[in-house]
Amino acid sequence: MRTDIFARLDREPEPPKIEPPRMSRHRIALFGGTLAFYLAIVVAVLVSSWLVTLDWKVMLFRPYQQWPGIHAFLDYYVVLGQRGPTATMVACWLGWRSWRQHTLRPLLTLGAALLLLNVTVGAVKIGLGRLGPHYATQIGSAELFAGGDIFPSGHTANAVVTWGILAYLATTPRARRYLSAMSAIVSLGVGLTTVYLGTHWLSDVLLGWAAGLLIMLGLPWVEPLITRAEAWIFAQRDNLRGLGRPVPSVPVAAGGPRTVLLPQPDGGDVPAQNPAPEPVAAGAASPRSRAHTTHLVRSERTPVTPAGSRRPPHADRTPRGGTAPARPVAGG
């Protein structure tokens, strides 16, 4: 018996009409507030303000020594912020959704978000060059421009984007609320775990949350580009299918008109219309006769003459290779 669980595994008969999120006033206000928070953190670290002092206090507190019992668990939990494993898991899920719903939007959206994450976060990491807590050289220093690459936290920003993309692509408001809460809890836990393990400063985590949230809030601006990319990919797929499909031929009787089936974009074949006959000048061969003399089908070819002579045998003739019979001699 068929159940609803297995019915959901079937491919939908046609793509669903899903409206992508738009840049509403509420979303624009959140984007502006998050951007201001992002810039404030960068400035606070650049001027070595109270935020850098807080970073050092948390680092010297050494949380991994205060609560060593959860160290083993958090070593595995922090993997939820690593780009390779998380992107693979989410891409598998979104790939199945793309196949089921006849659309590439889920995979293209994930790819666009990860590309923006690599460019923006990677540029700031390389530009500021901050060292991590385990490699700090001077107490109270911001450790900037020293060849490091930990500001902002890549684990935290990746957790916000990778798990937040599931909420962004949700098809119902209820699913969007639940997935948003789940992604917030996971990204919050990943950021605090990096502080516990001593791999990031607290300000690294704050900037990572802001960086990931900026990408999620700004994704609607990329939706037109995603739509054009999807249309181009489908067009290339249809062109390749059309080039690789053989043109079927229809057998006709000898001397009859030929019909050629032309491939259509929707997958069907439509017979080509026979052109109107051309006027024939007096004494000239008609186009139809020229076509028959030029292109002959198998049924119109002249049969091959069998080997040997087809003449009837003659009594006075001698077959080749034999001896001529004796003739009577006149006279005595």
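The values are calculated or read from the model by the stated rules, or taken from the named source; none is laboratory data. What you are looking at is a predicted structure, and each value in this text was computed from that prediction instead of being measured. Methodologically, a virtual Cβ is constructed for each residue, glycine included, from the backbone with ideal geometry; neighbour enumeration extends over all protein chains shown. Calculation scope for accessible area: heavy atoms of the full protein, side chains included, ligands and nucleic acids excluded. Shrake-Rupley method; radii C 1.70, N 1.55, O 1.52, S 1.80 Å.
Maximal additional length on extending the Leu46-Glu19 stretch stands at 5.6 nm, based on 0.36 nm per residue less the C-alpha distance. From the Cα gyration tensor of the stretch 61-123, with a ≥ b ≥ c the square roots of its eigenvalues, which class applies: rounded if a/c is under 1.5, or else prolate if a/b is larger than b/c, or else oblate? Oblate. The accessible-area ordering, largest first, of the residues Ile41, Ile28 stands as Ile28, Ile41, per a 1.4 angstrom probe. On full extension, the segment bounded by Trp93 and Ile233 gains 48.4 nm, given 0.36 nm per residue less the C-alpha separation.
In a reduced charge model with +1 at each Lys and Arg Cβ and -1 at each Asp and Glu Cβ, the stretch 39-155 shows a dipole moment near 400 debye about its Cα centre. Per-residue surface analysis assigns Arg11 an accessible area of about 110 Å², computed on protein heavy atoms at 1.4 Å probe radius.
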